[in-house]
Amino acid sequence: MAEYLKRGTAADIRASADRKVRDIVEATLAEIEARGDDAVRELSIKFDNWDRDSYLLTDREKQDCLDQLSGQDLKDIEFAQTQVRNFAYIQRESVKDVEVETLPGIVLGHKNLPLNAAGCYVPGGKYPLLASAHMSVITAKVAGVPRVITCAPPFGGKPAPAIVAAQVLAGADEIYALGGIQAIGAMALGTQSIMPVDILVGPGNAFVAEAKRQLFGRVGIDLFAGPTETLVIADEIGCDAELAATDLLGQAEHGPDSPAILLTTSEELARATIREVERLLEILPTADYARKAWESYGEVIVAQDDAEMVSIADAIASEHVQVMTANPDYFLKNMTNYGALFLGARTNVSFGDKVIGTNHTLPTRKAARYTGGLWVGKFLKTCTYQRVLTDEASAMIGEYCSRLCALEGFAGHGEQANIRVRRYGHRNVPYAGVAEPLG
């Protein structure tokens, strides 16, 4: 049985915090729906101390942001976007339209249709997370979405130049300097100045994630992408304490509510990692955020063997799972619940977050049990169609349909079948013939 050397915050404390977030988000979205731009402006001033005539950036403002970045900065952004775009095209090619004659004269098919409008949230309150622009905007554009808009909060009292540059280079059609619940609400519900979208995508803090959850159904969402989570699975062969601690804190720095968990078969590695985390927290520039996350949400678990680690990891269903063991492929073969796997010590979550090409918008809060991360398929609707080519096929399928409708008592449905049998099969079927179904 696994042993916990360190546990995170109790579940009831988290539940209480979740309730407060739900209440705030519900009231805020109601204000946005009722008052539109006026509510959005008040919220932007309240939470971001940010006001302007229009939150939509002009072409001149976008160019100014591009001009503030060095040539190397732009090359680095373009390199990362090339990797993301390339993998997104590979994914799009894997999604095929189909059409097949399943029975003589009966053709079934589906088409993968892009959504008409997507709203992409790019976090930027504590850090200007420009990579989120690559992950959302590029993926939507590769899927074929004609209107892609973005919202990112101001950073340091103005639009963050790197985020704006990433949005521009990714191909965003409208770029708004707007953050938080007000951005999510404006994109989903629409205001006097912002046309609503069909889907919301992108990570964010607990308030952003809850706003997306409450708006689901009014619009689509990619997934529940709340505070960053990381799980490091390690043993003494594939990892050491410095690597494990670095990779835990590298994600814990996202914020004070970011879980960072070490799962290992080595108690020696576990205790050494705890000591190494404390050492690194004395020198890490972002230690203020990382320490709070580690103290409140950090966990260290010692399991008996790899099989037990798989079982525990699947129960945790973490957003990021970094595997540094003697046999990482064992976890690739056997794990089922994760946002993304990072296999071996040579890779890490930061590569996936920033540049390697896979999408970094991933499920949190155990949503990995039922969904993967953001990809081109999230911007596509798989819509079916059917065609009956011959009289014989229509009559044949109609007879089956008539009898099945009778089993359910649907007279109107049955008559839809019966009229085809009469017309195309030349059988004398009485109106509403489900009372006496075809034999």
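The values are calculated or read from the model by the stated rules, or taken from the named source; none is laboratory data. On a predicted model such as this, the values are computed, not experimentally measured, just so you know. Positions of Cβ are backbone-derived with ideal geometry, glycine not excepted, and every protein chain shown enters the neighbour counts. To get the accessible areas, we keep the full protein, side chains included, count just its heavy atoms, and leave off ligands, DNA and RNA. Shrake-Rupley method; radii C 1.70, N 1.55, O 1.52, S 1.80 Å.
Below are the figures for this structure:
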| read-out | value |
| --- | --- |
| Positions within the stretch 131-149 being open to solvent by less than 10 Å² (accessible area, probe 1.4 Å) and either closer than 19 Å to I163 by Cα or of a type outside the set (A, V, I, L, M, F, W, C) (or both), in sequence order | A131, S132, A133, H134, M135, S136, V137, I138, T139, A140, V148, I149 |
| In the stretch 312-351, the residues that are under 24 Å from L223 (Cα atoms), surrounded by fewer than 15 Cβ atoms within 10 Å (Cβ to Cβ) and of a type in the set (G, A, S) | A315 |
| Selected residue [among the β-branched types (V, I, T), on the phi < 0 side of the Ramachandran plot, touching a residue at least 12 places away in the same chain (Cβ under 8 Å) and part of a loop (DSSP other than H, G, I, E, B)] from V208, V197 | V197 |
| Members of the stretch 41-62 that are touching a residue at least 60 places away in the same chain (Cβ under 8 Å), touching a Ser or Thr at 6+ places or on another chain (Cβ under 8 Å) and either closer than 19 Å to K126 by Cα or open to solvent by 70 Å² or more (accessible area, probe 1.4 Å) (or both) | L43, W50 |
| Single unsatisfied condition, A270 versus (1) touching a helix residue (DSSP H, G or I) at 6+ places or on another chain (Cβ under 8 Å); (2) farther than 22 Å from S136 by Cα; (3) open to solvent by less than 10 Å² (accessible area, probe 1.4 Å) | (1) |
| Answer residue from the stretch 81-130, given it is buried (at least 22 other Cβ atoms within 10 Å of the Cβ) and part of a helix (DSSP H, G or I) and is farthest from the chain's Cα centre (by Cα) among those | Q81 |
| Lone unmet requirement of (1) farther than 30 Å from V300 by Cβ; (2) touching a residue at least 40 places away in the same chain (Cβ under 8 Å); (3) under 25 Å from the mean Cα position of the chain (by Cα) for C65 | (3) |
| Some residue of the stretch 368-375 being assigned to a strand (DSSP E or B) and touching a Phe, Trp or Tyr at 6+ places or on another chain (Cβ under 9 Å) | no |
| Scope the stretch 276-311; condition touching a Pro at 6+ places or on another chain (Cβ under 8 Å), of a type in the set (G, A, S) and open to solvent by 10 Å² or more (accessible area, probe 1.4 Å); matching residues | S296 |
| Hits in the stretch 230-255 (condition: modelled with pLDDT of 95 or more and surrounded by 24 or more Cβ atoms within 10 Å (Cβ to Cβ)) | T230, L231, V232, I233, A234, C239, A244, A245, D247, L248, L249 |
| Criterion (in a loop (DSSP other than H, G, I, E, B) and either open to solvent by less than 60 Å² (accessible area, probe 1.4 Å) or of a type outside the set (F, W, Y) (or both)) met by exactly one of T9, T28 | T9 |
| Of residues in the stretch 352-371 being without any contact (Cβ under 8 Å) to a residue 60 or more places away in the chain and not basic (K, R), the one most open to solvent (accessible area, probe 1.4 Å) | Y370 |
